[in-house]
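Asks: Quick one: the structure is below, and I'll ask about it shortly.
The values are calculated or read from the model by the stated rules, or taken from the named source; none is laboratory data. Nothing here was measured: the structure is a model prediction, and the numbers come from that model. So basically every Cβ, Gly included, is an ideal-geometry build from the backbone, and we count neighbours across all protein chains shown. Calculation scope for accessible area: heavy atoms of the full protein, side chains included, ligands and nucleic acids excluded. Shrake-Rupley method; radii C 1.70, N 1.55, O 1.52, S 1.80 Å.
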2 protein chains.
Amino acid sequence: MSYQAPLRDMRFVLHELFDASAHCAQLGTGLDRELIDGVLEEAAAFTANEIAPLNRNSDEEGCRLENGQVSTPRGFRAAYRQYVDNGWASMTGPVEFGGQGFPQLVAFAFHEMLMSASLSFRVYSGLTEGAVLALHKHGSAELKAGYLAKMVSGQWTGTMCLTEPQAGTDLALLRSRAEPQADGSFQITGSKIFISGGEQDFSENIIHLVLARLPDAPVGVKGISLFLVPKFLTDADGAPGRRNALSCGAIEHKMGIKGASTCVMNFDGATAYLVGEANQGLACMFTMMNDARFQVGLQGLGIGEAAFQGALRYARERLQSRGLTGPVATDKVADPIIVHPDVRRMLLIQKTLVEGGRMLAAYTARQLDLEHGAESTEARKAASKRAALLIPIVKAFLTDLGQEVASHAVQVYGGHGYIREWGMEQLMRDSRITQLYEGTNGIQALDLIRRKLLADGGAELAALQEELRSVCNEALGQPALSGLARVVQARLDEWHGLAAEVIARCQHDAQEIGAASVDFLHYSAYVLLAGFWVQAALCAQRSLDAGSAEGDFYRAKLASADFFVKRLLPRASSHRLALLGGADCLMALRAEHFAF
Amino acid sequence: MSYQAPLRDMRFVLHELFDASAHCAQLGTGLDRELIDGVLEEAAAFTANEIAPLNRNSDEEGCRLENGQVSTPRGFRAAYRQYVDNGWASMTGPVEFGGQGFPQLVAFAFHEMLMSASLSFRVYSGLTEGAVLALHKHGSAELKAGYLAKMVSGQWTGTMCLTEPQAGTDLALLRSRAEPQADGSFQITGSKIFISGGEQDFSENIIHLVLARLPDAPVGVKGISLFLVPKFLTDADGAPGRRNALSCGAIEHKMGIKGASTCVMNFDGATAYLVGEANQGLACMFTMMNDARFQVGLQGLGIGEAAFQGALRYARERLQSRGLTGPVATDKVADPIIVHPDVRRMLLIQKTLVEGGRMLAAYTARQLDLEHGAESTEARKAASKRAALLIPIVKAFLTDLGQEVASHAVQVYGGHGYIREWGMEQLMRDSRITQLYEGTNGIQALDLIRRKLLADGGAELAALQEELRSVCNEALGQPALSGLARVVQARLDEWHGLAAEVIARCQHDAQEIGAASVDFLHYSAYVLLAGFWVQAALCAQRSLDAGSAEGDFYRAKLASADFFVKRLLPRASSHRLALLGGADCLMALRAEHFAF
């Protein structure tokens, strides 16, 4: 499948909506617009030429496990070497360990491209970046000195070892044990499942971050510690030496991302080093999980973009039937199917979800940057709260979007969508994991209500709504946009009221948290994206008013905003009504009466 | 994957809602309640013990093509022999050709079971039944005498050969040619794609029904004729003799239904016999397609039931986290996940969509029976119109439902949902084809508006709405149901108004047909199912009032109706609002401005 990064839209989002150069200057990086665009162009070439061509075959070939060794699909090894050699691996890594310290606002665009080109390929490096974050924040100086530089460069990769057969969502049930040794290290024994990249054939060493219990640990989640467990213990020079007592016992046979190895990892008294404080493992892991959740959101977005590109290409080429008001391509035997309103409906759903999702991703990336890099403590705190509010929406909504957009692509292709060689069904299969891992989307929705909405009585959400309201106020002043802005303005008011209603209900009955969660998350996401679409329309209108030479591009933005508000924002209504249906109708049936 | 037919719910739908024995008596069949229940129990045993166990392996093994021969997965041959020997193949076949002439209202339940047990296995026999219908209605006495009995028994199978690479939805583009021969037969030359069961290894002969053009045929769909083309020409005794000039050139590698062969069929001057009148092929094929579309709807329903069973089993067993209001299973390390409201939400969506879909399928099956078997011409005409209105809804909505319900099953399983051995992701992959074949769901929606709604100015739809309104009126008289009935009553009024609005818009602008179609179909389906849920609630309430010993069953029906109306019917709102968003926002962008 061919893939070309949507550079024009990325530049729109980065520069025109979120002023990436000013942002980079504020963070003290030396990136200006020209540099950013140069990097994105190189990234586009790399993903189009080196990564995307591997994706179709990786699905057919998959990973193989023989004698404890995992072979990745043809081409992954060589591409990974290029990925490291060209410095792509170190883009976001901390500067003091050889990283390039790119802000997320820039890096997210590259990462989206990787996801579009091959989700399987990206899985390995994505987790490494998360592991780098956790180790950088919580590891001892000694551990950092020993491991970080090579993980930042990508020479070594990292994994997250959380899940056990009996402990998925519920980490309190975790059983892996860590025994302290005389030399200050630990020995870990236990079995972990669903470990992405737990074993592969393209990095010198694999650094596992493993959750386990110390002998005297409290029960539940308060007794979990985080450990670094290398595949190869380092020798006196810091190079990979003796093989550690851990192995890949099996790889899973999955629906998709078949090029990404998903391993059962067995730790048999493996030498391990404590990361952070004892029994504080979950907090440490959360550093990594927040990043991972943002990255998984980008996976949904990236798959969505790839699916939109595929569907658009096919819809422009495939000749079938005539337009409803008469022939359009009179020189051809039939019209390209893009003339049909229902095909356009699917394409525009894809387009406006993906472009809207990109705005949300960029906005969130900006908050993640400011959380760490803003000048004042206050600004850092504000950004941190905003990012925390948005992460569950980014993770759940962008991955649900990826699945929907991929499914529309299959539908646009008709019967050919079901055939593997065309690539569309692979996108559906690959993206389906993103709704499950790093916390299912149901868990994200619970997080949004419990840890974000209820935790501060809706204050941070109200602040976000206020920000979007001021965008709408500005648009209300533009005659061409006032109709659009009024609809979104009314939804913002409705959203505010709905949040208050949800809070009141949840305080009254804890079951309402889980009864409202998924619908509230989706309701919020649609209104949020509508707000971004108003912002995009404002920006486009200004460029048109200024006589831009790219009139077609900006008019397409206005048309897209119009479509989104008229035909996708209505989904918020059904989520609102369903949520107001309440918890009682969910809890009424006893478990044994669901079927007879 | 284990599967047990939902016999109690099937009996509820057949006997309690639609009085199947009276229906069968009216049709002049000898089936009474006891006989029907006996057949369904045998069918349940057959599908659970003989078919369901083949399904998981059939996905891994798939079909193979070697030297023009297709091998089906292990066990399919033997199971098909049993299927024929036990008389399952001939259930709906015409009595004069050895069939058992079962009404669809009874047979649909068995067919749903087959779909649940193995969609791949069912594909072969389902198309044979459609071919029998077409041949029985349109074939000459000679063709019927030569082929029907063995197709009815299942000894020979049938296929539908419509699609060509350049002609999918648009059959006007069809190129296969039929040359008349001196003996009254024809020679067909051309290539057909996506032919389900085009070649397999378990029937003595395969009877292809092929669309092709005669030399002097008018262009477009008015120049298409239907032909019978056997794999083996029959000898003087009517037994399979000389091999005909046709072959399977390739099989497709698909997302799912891997046990069903999907063939490229090459006809190289193959001997063929005209079915029906020259140039009337499309009309003949529609006989088959209507049946096939109903069957594909059942595929969605069957997959949905299998997915619901899988998810429910897992949700009752999987222990993870504690309930939101405190521990429930205090003797266990965690609660079964069915205590969580969001898991219940997913299960209840599955349950009420599937049970609601079953009511819709049964109602439609009844109309299909009456279309052919009602006593008066008037009653037959009325049933025919009603069936024609419902078929596109059954096909599109039940298959969309199958996909959604399967996806919820994957979600309930968490990470395990993504692993092949658990079976849930296979249901998603298998069901995805049902939204595509026999006319994509977008095509069904166009059919609903163009050929059904606009064709009679909404009269037939209004009659259906009137019928549902009288159900609501009855429920309004029951204090326990009046709240439910009032909500649905209001939706029926809204539906009526919306249909009028759609008709007016489409008359004004033909693009509105395609702009409204999919949302109108979904809107209609949700309100329709709500009507059936009111009927189910009425029926359950009566049984409870009569002091039924099955109180739990009937109370579950009331709870399900409540859930559907509170939490699923709201989806109608978003479809209505989206539809009212109109065509202009779909048609505004030029094809070249969808991406830059």
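Asks: Computed from the mean reciprocal separation of all distinct C-alpha pairs, what Kirkwood hydrodynamic radius does the protein assembly as shown have, in Å?
Replies: For the protein assembly as shown, inverting the mean 1/r across all distinct Cα pairs yields 31.3 Å.
Asks: Something else now. Along the Cα→Cβ direction, 7 angstrom out, place labels at A:Ser376 and A:Gln181. What is the inter-label distance in nm?
Replies: 5.0
Asks: Follow-up question, since we're still on this one. Determine the order of A:Phe232, A:Phe563, B:Phe596 by accessible area, beginning with the largest, at a probe radius of 1.4 Å.
Replies: Details: A:Phe232 50, A:Phe563 0, B:Phe596 105 Å².
The ordering from most to least exposed comes out as B:Phe596, A:Phe232, A:Phe563.
Asks: Just to be sure I understand the curve: with the Debye formula and one point per C-alpha of the stretch B:427-579, what is log10 I(q)/I(0) at q = 0.14, 0.17 Å⁻¹?
Replies: Result of the Debye calculation: -0.76, -0.98.
Asks: Now for a separate question. Quick check for me: using +1 on Lys/Arg Cβ and -1 on Asp/Glu Cβ, what's the dipole size of the stretch B:225-356 about its Cα centre, in debye to the nearest 20?
Replies: On the way: 14 positive and 12 negative charges, 120 e Å.
About 580 debye.
Asks: Kirkwood Rh and Cα-based Rg: tell me the resulting Rg over Rh for the stretch A:7-135, rounded to two decimals.
Replies: With Rh from the inverse mean 1/r over Cα pairs, Rg/Rh is 1.01.
Asks: What is the helix-to-structure angle for B:511-545, meaning the angle in degrees between its Cα long axis and the longest Cα principal axis of chain B, kept from 0 to 90 and rounded to the nearest 10?
Replies: 60
Asks: How many percent of Cα pairs in the stretch A:158-280 exceed 25 Å?
Replies: Roughly 22 percent, rounded to a whole number.
Asks: Hey, another quick one. At a probe radius of 1.4 Å, what is the per-residue accessible area of B:Ser196, in Å² to the nearest 10?
Replies: Per-residue accessible area (B:Ser196): approximately 20 Å².
Asks: To the nearest 20 Debye, how big is the dipole of the protein assembly as shown about its Cα centre, given +1 on the beta carbon of each Lys and Arg and -1 on that of each Asp and Glu?
Replies: Value, rounded to 20: 340 debye.
Asks: Let me ask you something else. Please compute the length gained on full extension between A:Val328 and A:Ala462, using 0.36 nm multiplied by the number of residues separating them and subtracting their Cα-Cα distance.
Replies: Separation in residues times 0.36 nm, less the Cα-Cα distance, equals 43.4 nm.
Asks: Right, something else. Output the antiparallel fraction of DSSP beta bridges having both residues in chain A, as a percent to the nearest 5. List each step's numbers first, then the result.
Replies: Values: 34 of 41 bridges.
Once the DSSP bridges in chain A are tallied, antiparallel ones form about 85 percent.
Asks: Separate question: Every other copy gets compared here: list the nm distances from the B:Pro218 label point (7 Å along Cα to Cβ) to its counterparts, shortest first, one decimal.
Replies: Distances between equivalent label points, in nm: 8.3.
Asks: Now, a different point. In straight Cα distance, which lysines are under 23 Å from A:Lys222, not counting same-chain residues fewer than 8 positions off?
Replies: Result set, ordered by chain and number: A:Lys137, A:Lys192, A:Lys452, B:Lys332.
Asks: Next up: State, to one decimal in nm and shortest first, how far the label point of A:Asp37 sits from each corresponding label point in the other identical copies (label point: 7 angstrom along Cα-to-Cβ).
Replies: Result, one decimal in nm: 7.8.
Asks: Now a separate question. Roughly how many Å is it from the Cα centre of the stretch A:392-409 to that of the stretch B:183-215, as a whole number?
Replies: 41
Asks: Now a separate question. Just tell me the longest site-free run in chain A, where the sites are GluC sites (Glu not before Pro) in a DSSP loop having at most 13 other beta-carbon atoms within 10 Å.
Replies: Numbers: sites that count: A:Glu204, A:Glu277, A:Glu375.
Value returned for the longest uninterrupted segment is A:376-596.
Asks: Turning to a different aspect of this structure: For helix B:551-563, report the angle its Cα long axis makes with the longest principal axis of the Cα atoms of chain B; keep it between 0 and 90° and round to the nearest 10°.
Replies: 80
Asks: Leaving ligands, DNA and RNA out of it, rank B:Lys385, B:Lys192 by accessible area with a 1.4 Å probe, largest first.
Replies: B:Lys385, B:Lys192
Asks: Using Cα positions and a limit of under 20 Å, work out the lysines in reach of A:Lys566, with same-chain residues fewer than 8 apart set aside.
Replies: A:Lys351, A:Lys557
Asks: Additional query: Compute the distance in nm between two label points, each set 7 Å from the Cα along the Cα-to-Cβ direction, one at A:Arg420 and one at A:Val95.
Replies: Each label point lies 7 Å from its Cα, and together they span 4.8 nm.
Asks: Another question, then. Can you tell me the relative contact order of the stretch A:158-280? Whole percent, Cα pairs under 8 Å, sequence separation 6 or more.
Replies: Details: 294 pairs, mean separation 37.8, N = 123.
Dividing the mean separation by the residue count of the stretch A:158-280 yields 31 percent.
Asks: Another question, then. Using alpha-carbon pairs under 8 Å, 6+ residues apart, how would you state the relative contact order of chain A in percent?
Replies: Values: 1044 pairs, mean separation 72.2, N = 596.
Relative contact order here is 12 percent.
Asks: Treating chain A as a set of equal point scatterers at the Cα positions, no solvent, please give the Debye-formula log₁₀ I(q)/I(0) at q = 0.05, 0.07, 0.11, 0.12 Å⁻¹.
Replies: Log-scaled intensity ratios, in q order: -0.22, -0.43, -1.09, -1.29.
Asks: Per DSSP H run of at least 4 residues, take -39500 (n - 2.57); add these up for the protein assembly as shown, divide by its residues and hand me the 222 nm value, nearest 500 deg cm²/dmol.
Replies: -17500 deg cm²/dmol
Asks: Further question: What do you get for the angle between helix A:571-580 and the principal long axis of chain A? Use alpha-carbon atoms, 0 to 90 degrees, nearest ten.
Replies: 60
Asks: Now a separate question. What relative contact order, as a whole-number percentage, does the stretch B:492-586 give when Cα pairs under 8 Å and 6 or more residues apart are counted? Don't skip to the end; give the middle numbers.
Replies: On the way: 66 pairs, mean separation 38.8, N = 95.
Once normalised by length, the contact order is 41 percent.
Asks: Quick check: pseudo-label points 7 Å beyond the Cα along Cα→Cβ at A:Arg8 and A:Gln507, how many nm apart are they?
Replies: Spacing of the two 7 Å Cα→Cβ label points: 5.1 nm.
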